[in-house]
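Heads up, the thing below is written out as structure tokens.
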Amino acid sequence: MRDLDLSSLNPVLSSSAAPASAREAVQALRASQIREVANAGFGIADVLPFWFGESDRVTPAFIREAAAQALTRGDTFYTHNLGIAPLRDALSRYVGELHGATPADHIAVTSAGVNALMLAAQLVTGAGERVVAVTPLWPNLVEIPKILGASVETVALDYGARGWALDLDRLLAALRPGTKLLMINSPNNPTGWVMSRDEQRAVLEHCRRHGIWIVADEVYERLYYGAAGERTAPSFLDLASRDERLICVNSFSKAWLMTGWRLGWMVAPRALMDDLGKLVEYNTSCAPSFVQQAGVVALEQGEASTQALVADLRASRDHLAAALAQLPGVDVKVPQGAMYLFFRLAGAQHSLELCKALVREAGLGLAPGSAFGPEGEGFVRWCYACDPERLDAGVARLTRYLA
Ligand SMILES: Cc1ncc(COP(=O)(O)O)c(C=O)c1O
């Protein structure tokens, strides 16, 4: 028998093998600049962190107790790919009340919003396709399609005297025939911009005409500071039928303070559900079963705590904006949604470097505007989901630093 040259088969033995590396599309992904700032703070004990998109409060006790009870009952097994029936039914009632009839077979439970965004993108786009996203934007919406090999073109919001605004004509021009998907997030992270119902209608009609999918990230829909009695920001679900090319992504993370639980959902055409089930199978198989049980309780008993949270967030937003407006070099507008102030700061032309310096020299943790796209440069993001006293302590640090 002829001797085989094993080195050509075994990369460990082969001297000519290329070094191990991830796919090019993955190597090209942007690393998180927020993490980079947080890393600059490692080892510094006294940092006030306002950089991540999360409240400093724990999940309400009745939701934690529901999960504990489910665990005690032994609720530790795989579930249906699309979620347990009681949760899909509860979501059907909840979404239906806010946005009109939404049968449970249009709803899939996911492992939070990020997973729902990935699944939605996997469902409708792929290599070589053209995706449009409105920025500044939480990076995941821009990077996820790139993982799949799609190319992403961005349309920037404009910043003016009244804050961030959409140039609708520019967006519609970018959504030219052949575009596969629009990724849009309102209320928006980081700017707090809220898309108006008229803008949604125009975009929806345009996308219908050209067969373009919309993935609407509405995870902040309840963190909306509209007129009294308005429980939610305008949603594409208010305008669209449930069977057209629209996938709405949502999450328990923000409105029920459940970031660490990893529970979310999407509303999508019935015709996608079988294929979505396969994707869930190959991504996560299902969301954790005891977490889903707690989700039912959050939906059924959580309205008062969500409304109280939104009232507190509104007060924190106003408190922080008023304090920042006093500082020299700060240009701050009060947005209508989400839980961030995204403000211009004189001297923040290199916001990443500035935020690293703020951590090291002032013990203040903010997110650099450039983390959300080039149009965010010159701005910094402050998550105000905490008590006013903590915000005051942060403002005092910023004031000292600027002085
Ligand atoms: C715009 C936006 N979408 C989706 C998410 C996803 O959150 P989660 O995966 O915790 O549901 C976030 C989190 O910060 C976000 O800011």
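The values are calculated or read from the model by the stated rules, or taken from the named source; none is laboratory data. Treat the numbers as computed from the prediction; the structure is a model and nothing was measured. Virtual Cβ from ideal backbone geometry, glycine too; neighbours counted across all protein chains shown.
Within segment 66-86, track down each residue that is in contact with an Asp or Glu (Cβ under 9 Å, 6 or more places away or on another chain) and assigned by TED's automatic domain parsing to the domain that holds Asp275.
Of everything in segment 66-86, those that are in contact with an Asp or Glu (Cβ under 9 Å, 6 or more places away or on another chain) and assigned by TED's automatic domain parsing to the domain that holds Asp275 turn out to be Asn81, Leu82.
Can you pull out every residue in segment 111-170 that is farther than 15 Å from Gly373 by Cα, more than 14 Å from the chain's Cα centre (by Cα) and of a type in the set (S, T, N, Q)?
Once the filter is applied, which keeps residues that are farther than 15 Å from Gly373 by Cα, more than 14 Å from the chain's Cα centre (by Cα) and of a type in the set (S, T, N, Q), segment 111-170 yields Gln122, Thr125, Ser151.
For the list (1) outside any loop (DSSP other than H, G, I, E, B); (2) surrounded by 14 or more Cβ atoms within 10 Å (Cβ to Cβ), I need the number of the one condition that Thr232 fails.
(1)
Could you grab me the full set of residues in segment 251-286 that are touching a helix residue (DSSP H, G or I) at 6+ places or on another chain (Cβ under 7 Å) and of a type in the set (S, T, N, Q)?
Passing the criteria: Ser251, Ser253, Asn283, Thr284.
Can you report the number of residues in segment 299-329 which are modelled with pLDDT under 95 and either among the basic types (Lys, Arg) or in a helix (DSSP H, G or I) (or both)?
Of the residues in that region, 0 qualify.
Filter segment 102-124 for residues that are hydroxyl-bearing (Ser, Thr, Tyr) and more than 19 Å from Thr259 (Cβ to Cβ) and give the result.
Passing the criteria: only Thr102.
Output the residue which, of all residues in segment 336-351 that are assigned to a loop (DSSP other than H, G, I, E, B) and buried (at least 23 other Cβ atoms within 10 Å of the Cβ), is farthest from the ligand (Cβ to nearest atom).
Filtering segment 336-351 for residues that are assigned to a loop (DSSP other than H, G, I, E, B) and buried (at least 23 other Cβ atoms within 10 Å of the Cβ), the one farthest from the ligand (Cβ to nearest atom) comes out as Ala348.
Which of the strands (runs of 3 or more DSSP E) found entirely inside segment 82-166 contain at least 3 residues meeting this: within 13 Å of the ligand (Cβ to nearest atom)?
Qualifying strands (runs of 3 or more DSSP E): 130-135.
When you check Glu377 against the structure, is it within 23 Å of the chain's Cα centre (by Cα) and more than 11 Å from Leu48 (Cα to Cα), yes or no?
yes
Quickly run through segment 252-275 and pick out the residues that are within 20 Å of the chain's Cα centre (by Cα) and more than 9 Å from the ligand (Cβ to nearest atom).
Ala255, Trp256, Leu257, Trp265, Met266, Val267, Ala268
Is it fair to say Leu171 is touching a Cys at 6+ places or on another chain (Cβ under 7 Å), free of Cβ contacts under 8 Å to residues at least 60 places away in the same chain and either closer than 25 Å to Met118 by Cβ or surrounded by 15 or more Cβ atoms within 10 Å (Cβ to Cβ) (or both)?
no
Restricting to segment 167-195, what's the tally of residues that are of a type in the set (Ser, Thr, Tyr) and within 16 Å of the ligand (Cβ to nearest atom)?
Matching residues across segment 167-195 total 2.
From Thr79, Thr72, which residue is surrounded by 12 or more Cβ atoms within 10 Å (Cβ to Cβ), modelled with pLDDT of 95 or more and closer than 25 Å to Ser289 by Cα?
Thr79
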